[in-house]
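Throughout, read-outs are computed from the coordinates displayed, never taken from laboratory work. The structure presented is a predicted model; accordingly, all values stated were derived computationally and were not measured. Positions of Cβ are backbone-derived with ideal geometry, glycine not excepted, and every protein chain shown enters the neighbour counts.
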Amino acid sequence: MVSRRAAMAAMAALLLAGCPKGKTTVPATGEAPAASGGSPAAAKPIRIAMIAKSSTNPVFLSARRGAETAAKDLSGRTGVPIEIIWLTPPQEDGQIQAQRIAQAVNEGANAVLISCSDAGKVTGAINDAVARGVPVMTFDSDAAQSKRFSYYGVDDRQLGEDVMAELAKLLGGKGRVAILAGNQNAPNLRRRVEGVKSEAAKHHGIQIIGTFYHAETPQDAAAEVIRVGNSYPDIKGWAMVGGWALFTKTLLTDLDPKKVKIVAVDALPTELPYVEKGLAPVLLAQSSFLWGNVGVTKIIDKLHYKKDVPEVVSMDPVRVTSETLGSWSRQLRQWGFADVPEEYLKLK
Amino acid sequence: MTAADSRMDPAGAPSDASRATRLSPIVRKLLRSQQFGLVTVIVFLLILLSVLAGSHIDNATGRSVNNFLNSYTLIQTATDASFFAIMAVGATIVIISGGIDLSVGSVYALAGVAMGLCLRVATPGGGVGAVVLGFVVAVAVGLAAGALNGAMVVALRVHPFIITLGTMWILRGIAFVSSKGDSITLPDSMIHFAKSPLGLGAALYPVPMLCMLIIAALGATYLHRTVMGRHVFALGGNAEASRFSGLRLGRIQIGVYVLAGLTAGLAAFLGSGFYGSVSCVDATGYELYVIASAVVGGARLSGGRGSAINAMLGAVLIVLIRQSIRTLHLDQNYEWIIIGCAIVIAVVLDQASARFAARRLAQGEE
């Protein structure tokens, strides 16, 4: 019977993944926290489930690093072991995120930190978690209608307006521009697109030829830019509400900085050559490291220190240009990015 | 001395050999049952996860709770499987007929979006009205999409892989255009229906799991207890022989795609209600999980063999493997590798088994 064989195959395949190393949750920080009053061994650990949109997006890997750094620091400061449980799906899927919130609660997580791929899909799961005594905080992309206690991130509409204002300035207030918009279901990206459009309406010489959605992977994003560029050769500027396309190197050779200007959100190491080359003279960086870092800090404020946390904690974007390339590069290196080009670290 | 005599010891009591022989038909039947292997592995995984999952202190009761063996996780795992499993029942019927349906994920998305848009416009007064309207719309869209697939396969005489590959994109495109990419929130009554605790207590939602069991049972009844179900097996087993025996193959083919659309519509109704919103990207890539569930459940892609119950068990097994990766804190990126390996190994073993059986048959004839 194939079903019997299939079952055996499933068992064999499961064994391919190897055996677990221990019975209990492995601390993501990887090290035992230092004590500062009280024995950490005796203290009840605080387990924070972190669910970003996609584990293949570098900004969320940076957020994870920030969360783990905060967990390590705060473990030392509070004497309570703090564990980050990384439950981010490989691809964006609000339904999977909702399932993982439930899983985190079922397995005894003390709090959830999430960036919502689809606010509508996760709102029910967030409310269930809160009803079962597990506080939820959102970062980057909010679920404003849910019972989450706080949101940390930029004002997305304002960020969209800033992107367009910078682009209009670079283009001298005229030209045809396109919007690179990522996943059409992410509420934060939609608000940024609204901001871009509303700001563009203030510049009579700016004409938006279209808003282009794509799978949020670097290759898909870059391919979309090239496709649109081939269809509209007279594009003068790109307003990118996320930095996906600049995570590849391909646009460095495919686009001419004398003909096209880009203003994009995010400024990770792979995007910095675009600033240097003048193709993206302005990047508006979200400090993605701080998503995790501040998120975990606020959760500990609420759970451990019993402090009141504001419902919205605003993050101000950082303007990265050729003048600030050096200081921003050093900041990235300090946050643990090993791939920052050495030459940028030497800049003023 | 008769054969029966040989099974008695001199004192007249049944010997060990005789007891074994007496038990053997039951044991043999059990061992030969289509579900035995899958159930064995599912039970093995349940035990393995229960032992290795570790435990945590429940915030509310202060008691130690196993991370896996608790009612929340078990029902959540069944719920996660239920949406695939319901679609897998329909997809298995298509596979048994010798076809394939790649569009089930898109049918799910379109049925969900249509339901969301209708509920947004119609906003029926009572809570039950919204649930009924949502159900009717989701099922109607599923049936229509299935009928379209079936009619195109029959009328155009193009391989169903190509037809459903095309409709997979077309239907998702319609969902995108009609929703304008919006995520549409559903009325609370839909959520209350899909997340009704049925007296089990807060945060325990057994409705999708129960629907999965009912639909699998209905699917099994259809396939094994009705004439139409036998016709599906006949078509998949030997289309030419079925034609010569007078079966109306076109009607059977359209029927199986309609059933696949129906199950996708039902899954959309339940899944969308459970998660409380719909969007055009819902169920992206789910067709592969659905087909994988059918194949792991023993369906033969060349047709003629498959089981609705096994498809459900296949879906449960795949979700359990996914769950185990997370519960055991393995690297979650192994999920695709493990599921992929399970499917490939299952199909390879299936083909080897078929070759072995054919060889034995040939030797028997000699």
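Normalised by the number of residues in segment B:28-182, the mean separation of alpha-carbon contacts (under 8 Å, six or more apart) gives a relative contact order of 21 percent. Placing a label point 7 Å from the Cα of B:Ala202 along the Cα-to-Cβ direction, none of the residues of segment B:259-287 has a backbone N under 14 Å of that point. One equal scatterer on each Cα of segment A:130-223, no solvent, Debye formula: the resulting log10 I(q)/I(0) at q = 0.11, 0.21 Å⁻¹ is -0.41, -1.03. Per-residue Cβ neighbour counts within 10 Å put A:Trp291, B:Trp336 in the sequence B:Trp336, A:Trp291, beginning with the fewest. Mean sequence separation of contacting Cα pairs (under 8 Å, at least six apart), scaled by the length of chain B, corresponds to a relative contact order of 29 percent.
Size of chain A: Rg and Dmax of its alpha carbons, in Å, are 21.8, 72.
Under 5 Å from the amide H of A:Ile208 lie the amide H atoms of A:Val177, each residue being 5 or more positions distant or on a separate chain, with H modelled from the backbone and absent for Pro and chain starts. Spin-label model, B:Ala122 to B:Arg243: label points 7 Å out along the Cα-to-beta-carbon direction sit 4.2 nm apart.
Overall form of chain B: oblate. Here a/c, set by the Cα gyration tensor axes a ≥ b ≥ c, is 1.5 or more, and a/b is not larger than b/c.
Once C-alpha pairs closer than 8 Å and six or more residues apart are averaged by separation and normalised to the residue number of chain A, the relative contact order reads 16 percent.
Between A:Lys249 and A:Val312, the simple spin-label model (points 7 angstrom out along Cα→Cβ) gives 4.1 nm.
Would you mind counting up the charge near B:Leu223? Only other residues with Cβ under 13 Å from its Cβ, with Lys and Arg at +1 and Asp and Glu at -1. Net charge around B:Leu223: +3.
Which net charge results for the neighbourhood of A:Asp93, defined as the other residues with beta-carbon distances under 11 angstrom from its beta-carbon, given Lys and Arg at +1 and Asp and Glu at -1? Once positives and negatives cancel, what remains is 0. With a simple spin-label model that places each label point 7 Å from the Cα along the Cα-to-Cβ direction, the separation between B:Ile47 and A:Gln219 comes to 4.3 nm.
Going by neighbour counts of Cβ atoms within 10 Å, the residues B:Ile100, B:Ile170 line up, fewest first, as B:Ile170, B:Ile100. Of the DSSP H helices in chain B, those with a Cα length along their own long axis of 30 Å or more and a mean Kyte-Doolittle hydropathy reaching -1.0 comprise B:71-96, B:127-156, B:249-275, B:334-365.
Neighbour counts of C-beta atoms inside 10 Å place B:Met168, B:Met87, B:Met228, B:Met212 in the sequence B:Met228, B:Met168, B:Met212, B:Met87, starting with the fewest.
Checked against a 26 Å cut-off, the cross-linked pairs A:Lys53/A:Lys249; A:Lys147/A:Lys202; A:Lys259/B:Lys180 give Cα-Cα distances beyond that limit for A:Lys147/A:Lys202; A:Lys259/B:Lys180. Here's how it looks for A:Phe139: its modeled amide H is under 5 Å from those of A:Ile114, A:Ser115, A:Cys116, A:Tyr152, which are all 5 or more places away or on a different chain.
Over every Cα atom in segment A:111-152, the radius of gyration and the widest Cα-Cα span, Dmax, amount to 8.7, 24 Å. When DSSP beta bridges are restricted to pairs lying wholly in chain A, around 5% turn out antiparallel. Using only Cα atoms, tell me the angle between helix A:288-303 and the longest principal axis of chain A; keep it within 0 to 90° and round to the nearest 10. Taking Cα atoms only, the helix is inclined about 40 degrees. Taking amide H as placed 1.01 Å from N in the peptide plane, the amide H of A:Val312 sits under 5 Å from that of A:Tyr151, each at least 5 places away or on another chain. Based on DSSP H segments of at least four residues, each scored -39500 (n - 2.57), chain B has a per-residue ellipticity at 222 nm of -24500 deg cm²/dmol. Considering only beta bridges that DSSP places wholly inside segment A:225-348, some 30 percent are antiparallel. Once the Cα atoms of helix A:218-231 and of chain A are each reduced to a long axis, what angle between those two axes, in degrees from 0 to 90 to the nearest 10, is obtained? It is inclined by approximately 20 degrees. Helix content alone sets the calculated 222 nm mean residue ellipticity of chain A: runs of n ≥ 4 DSSP H residues at -39500 (n - 2.57) each, divided across all residues, give -13000 deg cm²/dmol. One equal scatterer on each Cα of segment A:91-180, no solvent, Debye formula: the resulting log10 I(q)/I(0) at q = 0.17 Å⁻¹ is -0.70. Counting only other chain Cβ atoms within 10 Å of each residue's Cβ, the peptide A:110-116 averages 0. Looking at the protein assembly as shown alone, DSSP beta bridges between its own residues are antiparallel in about 20 percent of cases. Averaging 1/r over each pair of different alpha-carbon atoms in the protein assembly as shown and inverting the result gives 27.8 Å, the Kirkwood hydrodynamic radius. Using the Cβ atoms and a cut-off under 11 Å, what net charge is assigned to the surroundings of B:Ser183, where Lys and Arg are +1 and Asp and Glu are -1? Summing Lys/Arg as +1 and Asp/Glu as -1 gives 0. The convex hull around the C-alpha trace of segment B:38-175, projected and averaged over every direction, spans 12.5 square nanometres. Helix A:58-78 and the long axis of chain A differ in direction by around 40°, with both axes built from C-alpha atoms. Once you have a ≥ b ≥ c as the square roots of the Cα gyration tensor eigenvalues for segment B:174-281, tell me rounded if a/c is under 1.5, and otherwise prolate or oblate according to whether a/b is larger than b/c. Judged from the Cα gyration tensor, segment B:174-281 comes out oblate (a/c at least 1.5, b/c at or above a/b). At R0 = 22 Å, how high is the FRET efficiency between B:His224 and B:Phe36 if r is their beta carbon distance? Nearest 0.05 is fine. Efficiency at R0 = 22 Å is approximately 0.85.
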